[in-house]
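To start, the structure under review is shown below, and the notes come after it.
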Amino acid sequence: MTKVVSGIAYAGSSGSIDPSAAPGLGPLPRPAWMDAAVERLESFQPEWFSRFAPPDDSARESAVLILFGPPPADADDPGEHVVLIERSHTMRTQPAQIAFPGGSRDPEDADLVATALREAQEETGVDPSGVDVVVQLPPIFLAPAQFVVTPVLAWWAQPSPLSVRDPAEVHDVLSVPVSHLVEPTTRFSVTHPSGYVGPGFDLDDLFLWGFTAGLVSSVLELGGLSLPWDPDVSRELPERFLGGRR
């Protein structure tokens with residue numbers, strides 16, 4: 001059964017996030033703001049993308065799936081949600097951090113879209129056949145890991161159940177309302193001892209920061225969904241994250 005706290009749905013270690021029943025309706029059309037985001041991308045890129053632009057093409061390729069969709073069953077919020085994961089707490093890098101499903105490109109992947117869909121299926125059980133790929137966003141260079149990550153923005157036209165498929169990599173799967181992410185009181189700036197400053201989000205008792213928070217903030221900006229918030233509200237990165245890479 002889905003656990004819902006502060007509007008956020010959690011699969012838990014052995015549960016699932018189930019789609020709302022909508023038999024016979026066929027694929028759900030994506031919201032207009034996603035098409036608007038594609039149009040804006042042609043003439044405008046949030047500063048965050050240029051800030052982490054790849055220096056060259058020699059780094060390893062990877063991809064993440066930014067999957068927005070209708071609210072799941074038992075959701076408190078009727079608007080769109082986005083799928084996130086909480087990484088395993090025992091991973092060598094980035095333990096317990098909130099992330100998008102994704103990972104390294106395999107030789108058999110036809111392209112980076114295939115990578116994002118495969119990784120999402122392996123980590124959360126999402127059925128790729130129900131995903132409407134909207135656009136590939138500009139690649140981001142993660143210097144500590146020496147990865148170039150391509151974010152794949154997508155709409156969940158035909159939702160399927162979500163669950164933790166590989167406990168060695170994923171601790172939990174989340175479905176987060178867009179309304180929660182744009183609420184100004186959930187947003188703040190994160191400061192890292194290294195000098196890094198970036199966007200942050202409260203997710204109930206979880207903490208979203210770094211690469212994933214930057215992508216969330218940029219997609220909300222591109223989609224015209226962002227609401228004014230105070231960037232001077234600052235929080236230090238919790239100590240539990242200081243041992244992992246950004």
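When residues of segment 163-213 are filtered for being open to solvent by 20 Å² or more (accessible area, probe 1.4 Å) and within 13 Å of the chain's Cα centre (by Cα), how many remain? So the count comes out to 1.
Only strands (runs of 3 or more DSSP E) whose full extent lies in segment 1-113 are considered here, and the ones with at least 1 residues that are under 22 Å from residue 128 (Cα atoms) and aliphatic (A, V, I, L, M) are 8-10, 60-69, 81-87. If you go through segment 95-124 and pick out every residue that is touching a strand residue (DSSP E or B) at 6+ places or on another chain (Cβ under 7 Å) and without any contact (Cβ under 8 Å) to a residue 12 or more places away in the chain, you end up with 0. One residue stands out in segment 197-246 among those that are charged (D, E, K, R) and in contact with a helix residue (DSSP H, G or I) (Cβ under 8 Å, 6 or more places away or on another chain): the one that is farthest from residue 10 (Cα to Cα), namely 230. When restricted to residues that are open to solvent by 80 Å² or more (accessible area, probe 1.4 Å) and among the basic types (Lys, Arg), segment 26-52 contains 2.
Scanning segment 128-171 for residues that are without any contact (Cβ under 8 Å) to a residue 24 or more places away in the chain and assigned to a strand (DSSP E or B) yields a single hit, 133. Checking each residue in segment 142-162 for being surrounded by fewer than 22 Cβ atoms within 10 Å (Cβ to Cβ) and among the aliphatic types (A, V, I, L, M) picks out 142, 143, 145, 157.
State yes or no: is residue 108 buried (at least 22 other Cβ atoms within 10 Å of the Cβ) and among the charged types (D, E, K, R)? When the stated conditions are applied, residue 108 does not pass them.
The values are calculated or read from the model by the stated rules, or taken from the named source; none is laboratory data. Note that the coordinates shown come from a computational prediction; the quantities given were computed from them, not determined experimentally. Cβ coordinates were reconstructed from backbone atoms using ideal geometry, including for glycine residues, and neighbour counts include every protein chain displayed. The area values use the complete protein model at the heavy-atom level, side chains included, leaving out ligands, DNA and RNA. Shrake-Rupley method; radii C 1.70, N 1.55, O 1.52, S 1.80 Å.
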